[in-house]
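To keep things clear, I will list the structure first and then write my remarks on it.
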Amino acid sequence: MSSLVAYEDSESEDDSFNQTEEERAPASVQTGSCDENQEVRVCDSFEVTPTPHSFTPDPERSVFQHHGSRSSLHPHSRPQSCFSLERKYCSDDTAQEKHFRDTTGPLSLRATHGKISPQQTLPHMPQSSGDGLNAPKRHRTVPSGVRPYIPKRQRLATSVETVDSKCPAEQGAGNQTKESQILSEVSVRIKPYLPHKPSTAGIPRRLLMSLEGHQGPVNTVQWCPVPHLSHLLLSASMDKTFKVWDGAESGRCLRAYTCHSGAVRDACWTPCGRHLLTGSFDNSAVITDVETGQQVVKLNNQFKVMCVVLHPSNPDVFLCGGYSSVVKAWDSRSCKVVNMYKAGIQQTLDILFLRGGVDFITSTDCVSRDSADRTLVAWDYQTTAKVSNQIYHERYTCPSLALHPLEESFVAQTNGNYMAVFSSQQPYRMNKRRRYEGHKVEGYAVQCEFSLDGTILASGSSTGSAHFYDCHNARSLHTLQAHSQPCLCVSQHPVLPATAATCDWAGEIKVWH
């Protein structure tokens with residue numbers, strides 16, 4: 001049983017026209033009532049005159065006269081089982097063209113012997129010339145109003161690409177900067193200083209900008225160590241977020257990171273400037289991609305993390321300390337603990353690698369009645385053995401440590417309202433003749449930092465001021481009244497002279513020059 005129209009996957013056109021004259025004889029089709037007396041003739045000449053909206057079939061008219069109504073001969077409809085008919089086409093045109101004329105042509109189209117007059121030619125429809133038997137097959141355009149089929153996967157992929165092209169890559173509330181602009185653009189203010197060696201560090205005296213956005217105390221601020229990216233300023237806050245700012249020109253928050261569910265206690269840049277290492281009170285240490293904001297590594301320490309520090313010669317290894325008697329060394333490539341350093345202490349306040357990364361110093365909250373035994377402990381990184389625990393003998397804890405960039409020495413911020421100087425070589429003796437005094441700590445985690453050339457030592461204060469000292473004679477150079485709340489950190493810019501960033505307990509960040 002065959003259909004009234006031929007589809008592209010049916011038998012070829014040549015086979016249907018290579019029939020004998022007897023086979024082309026008019027065929028009779030029985031009606032749906034199977035009455036043998038009723039016939040429907042298939043004529044070579046037909047006329048289509050339907051009405052677009054109201055059409056009533058006339059039982060006296062032929063099937064092709066009713067073909068103007070598409071409901072009478074739907075392309076996918078099949079005759080009843082009692083039908084018996086033969087397929088017959090007009091000999092001048094191909095089957096596909098006749099099918100398009102019958103199904104998609106205008107309702108008032110008149111066709112005679114398969115020919116279409118020039119005035120009634122369908123738009124975008126190829127003209128037929130010559131005999132349909134010998135006409136070569138050619139590519140035909142789709143008639144007007146017929147949409148080509150597009151696979152679902154291709155439609156979905158196109159829609160996703162359209163959405164991505166309209167939405168900039170952003171993360172965090174209030175961020176309006178594309179991710180490619182964070183690390184690709186160089187600040188105009190820093191460009192003139194890049195070709196030259198950094199000059200002697202100066203003392204900032206005037207406020208350049210104030211950065212607001214944190215809802216809790218800001219524990220630390222740090223400039224990016226890569227010179228051409230040194231306009232980027234990192235801040236870590238107790239509001240569970242850490243942010244990257246443009247600290248040289250606009251003062252905008254370029255991206256806010258919400259990787260932690262607890263307060264972010266410490267944060268630092270990796271040497272390449274593309275990742276951030278953070279430690280939080282949610283017991284985790286996280287390495288985050290600066291551009292995308294995605295977590296590269298997240299490690300559970302099973303204790304609140306107070307401090308994190310990268311190994312100076314192997315940035316894939318870092319140390320974590322906090323509310324535990326153990327300091328853990330992690331390998332970010334394997335996400336495994338490679339070393340553990342155990343001591344009879346309650347918590348670790350800060351960690352400092354000495355030059356070369358062979359030894360490191362930990363600051364603890366362990367003090368005794370007459371001396372601060374085990375307040376500062378020196379460790380051998382490879383063997384995990386204690387090198388010395390008799391470094392500092394006063395009854396004060398040390399909330400932060402800082403290494404001199406050129407000399408073999410380091411300083412420890414103490415709760416005795418001064419900074420003590422120690423040798424970075426064994427046996428790590430304290431220099432009792434040099435002491436930096438004038439600021440107050442009073443139990444806050446006040447940090448200290450050397451300038452890049454090692455001439456100036458800066459420190460915060462519980463009074464809200466920033467203090468700058470001469471490293472060689474411990475003389476106070478300048479006191480900057482920066483905040484009304486305790487100033488927790490002062491970070492000096494590695495490229496721009498006389499530029500520093502400060503943060504306070506109220507969540508405010510300021511840049512000075």
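The values are calculated or read from the model by the stated rules, or taken from the named source; none is laboratory data. None of these values were measured; they are calculated from a predicted model. Here Cβ is always computed from backbone atoms with ideal geometry, including for glycine, and neighbour counts include all displayed protein chains.
General observations
- Applying a threshold of 7 Å to beta carbon distances and a minimum spacing of six or more residues, or different chains, the list of pairs starting in segment 184-203 at a residue that is in the same structural domain as residue 456 (by TED's automatic domain parsing) and in a helix (DSSP H, G or I) and ending at one that is surrounded by fewer than 15 Cβ atoms within 10 Å (Cβ to Cβ) and among the acidic types (Asp, Glu) is empty.
- When we screen 370, 359, 380 for residues that are modelled with pLDDT of 95 or more and loosely packed, with under 15 Cβ neighbours inside 10 Å, the only hit is 380.
- Segment 278-302 - residue that is touching a Gly at 6+ places or on another chain (Cβ under 9 Å) and among the hydroxyl-bearing types (Ser, Thr, Tyr) and, of those, nearest to residue 258 (Cα to Cα): 280
Each row is one residue, and each column tells you yes or no for (1) more than 36 Å from the chain's Cα centre (by Cα); (2) aromatic (Phe, Trp, Tyr); (3) buried (at least 18 other Cβ atoms within 10 Å of the Cβ); (4) modelled with pLDDT under 95.
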{"residue": "421", "(1), (2), (3), (4)": "yes, no, yes, no"}
{"residue": "442", "(1), (2), (3), (4)": "yes, no, no, yes"}
{"residue": "450", "(1), (2), (3), (4)": "no, yes, yes, no"}
{"residue": "477", "(1), (2), (3), (4)": "yes, no, no, no"}
{"residue": "487", "(1), (2), (3), (4)": "no, no, yes, no"}
{"residue": "491", "(1), (2), (3), (4)": "no, no, yes, no"}
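- In segment 229-257, the residues that are small (Gly, Ala, Ser) and assigned to a loop (DSSP other than H, G, I, E, B): 230, 247, 248, 250, 251
- Qualifying residue in segment 452-461 (condition: surrounded by fewer than 19 Cβ atoms within 10 Å (Cβ to Cβ), more than 25 Å from residue 355 (Cβ to Cβ) and at pLDDT 95 or above): no
- The residues of segment 190-208 that are surrounded by 15 or more Cβ atoms within 10 Å (Cβ to Cβ) and under 28 Å from the mean Cα position of the chain (by Cα) amount to a single one, 190.
- In this entry, residue 466 passes the filter for residues that are small (Gly, Ala, Ser), in contact with a Leu (Cβ under 7 Å, 6 or more places away or on another chain) and farther than 22 Å from residue 375 by Cβ.
- Scope segment 283-303; condition under 13 Å from residue 322 (Cβ atoms) and either β-branched (Val, Ile, Thr) or in contact (Cβ under 8 Å) with a residue 40 or more places away in the chain (or both); matching residues: 285
- Residue check, residue 334 buried (at least 19 other Cβ atoms within 10 Å of the Cβ), outside any strand (DSSP E or B) and hydroxyl-bearing (Ser, Thr, Tyr): no
- Condition check for residue 426 on (1) at pLDDT below 95; (2) in contact with a Ser or Thr (Cβ under 8 Å, 6 or more places away or on another chain); (3) more than 20 Å from residue 363 (Cα to Cα): one failure, at (3).
- Residue match in segment 310-329 (condition: at pLDDT 95 or above, closer than 12 Å to residue 262 by Cβ and charged (D, E, K, R)): no
- Set side by side, the residues 488, 480, 452 differ, and just one is in contact (Cβ under 8 Å) with a residue 40 or more places away in the chain and assigned to a loop (DSSP other than H, G, I, E, B), which is 452.
- Scoring residue 463 on the criteria (1) more than 30 Å from residue 215 (Cβ to Cβ); (2) assigned to a loop (DSSP other than H, G, I, E, B); (3) of a type in the set (S, T, N, Q) leaves a single failure, condition (1).
- Residue satisfying all of: in segment 447-480; among the hydrophobic types (A, V, I, L, M, F, W, C) and touching a Phe, Trp or Tyr at 6+ places or on another chain (Cβ under 6 Å); farthest from residue 496 (Cα to Cα) among these: 474
- Enumeration of residues in segment 428-449 that are under 16 Å from residue 396 (Cα atoms), assigned to a loop (DSSP other than H, G, I, E, B) and not charged (D, E, K, R): 439, 441, 443, 444, 445, 446, 447
- Restricting segment 462-475 to residues that are at pLDDT 95 or above and among the polar types (S, T, N, Q) leaves a set whose member that is surrounded by the most Cβ atoms within 10 Å (Cβ to Cβ) is 465.
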